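Report on the structure given below.
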Amino acid sequence: MSIQSNLNSIKATLPEHVTLVAVSKTKPVSDLMQAYETGQRIFGENKIQEMTEKWEQMPKDIQWHMIGHVQSNKVKFMAPFVSLIHGVDSLKLLQEINKQALKNNRTIDCLLQIYIAEEESKFGLDENELNELLTSAEFKELKNIRILGLMGMATFTEDQNQIKKEFTHLKSIFDSIKTLKAENCELNTISMGMSGDYQLAIECGSTMVRIGSSIFGGR
């Protein structure tokens, strides 16, 4: 199967309100260009250096999503161009993104990462931390970021009920904050679901899916 036909067949299964992020980490620019020529404009990377190198080489109408864990000291490298940062899990990181966005005279869109899995290794905020962050005075001062919604990763398991429970939980957290009135929030995005579970994620309310191996093949 080619990247082109993979992409077209996945797009055919996605409802209109769901955004596809093509997860292109570790893949060469030539692979990304095949997806680009098929019409894909949103790519997800998990390493800032790799994303920056690809951004320099590729057409400028691409939206680059940072989907990996973000280290504060690396934010400055992607601040000039990143379109959406998925994995924001602390006020400290938001403040750094805000600072670098200001230096580049732009507003950077972010998703707050919520911890929904049972594994210990996943990053993210819990519900209490999320509410504390969103209602804090420090958060309201951040004028150069915009929170578009939430991101979460389900437990790596074959148990569909478990995954469904976690996705449903993320959706309910999103619904609980959706009415929040803050100048730097425009809550409309739930990023959940990857190659193995994106259809279930969409059933549970996802509006953005991150798909890599089903498009580009295995790593």
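The values are calculated or read from the model by the stated rules, or taken from the named source; none is laboratory data. All values reported here derive from a predicted model rather than from experimental measurement. Backbone-built Cβ (ideal geometry, glycine too); neighbour counts: all protein chains shown. Quick note on the areas: whole protein, heavy atoms, side chains included, nothing else; ligands and nucleic acids left out. Shrake-Rupley method; radii C 1.70, N 1.55, O 1.52, S 1.80 Å.
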Unique match (being within 21 Å of Val209 (Cβ to Cβ) and either charged (D, E, K, R) or in a helix (DSSP H, G or I) (or both)) among Ala101, Ala12, Ala22: Ala12
Single condition Arg146 does not satisfy, out of (1) modelled with pLDDT under 95; (2) closer than 18 Å to Glu96 by Cα; (3) open to solvent by 70 Å² or more (accessible area, probe 1.4 Å): (1)
Some residue of region 188-210 being farther than 22 Å from Gly44 by Cβ and open to solvent by 70 Å² or more (accessible area, probe 1.4 Å): no
Failed item in (1) exposed (fewer than 15 other Cβ atoms within 10 Å of the Cβ); (2) more than 17 Å from the chain's Cα centre (by Cα), with Ile177 passing the rest: (1)
Selection count where residues are surrounded by fewer than 21 Cβ atoms within 10 Å (Cβ to Cβ), within 23 Å of Gln199 (Cα to Cα) and hydrophobic (A, V, I, L, M, F, W, C), scope region 21-44: 1
Test: Lys47 is touching a strand residue (DSSP E or B) at 6+ places or on another chain (Cβ under 7 Å), modelled with pLDDT of 95 or more and open to solvent by 50 Å² or more (accessible area, probe 1.4 Å): no
Counted residues, region 171-194 - those being in contact (Cβ under 8 Å) with a residue 60 or more places away in the chain and of a type outside the set (A, V, I, L, M, F, W, C): 2
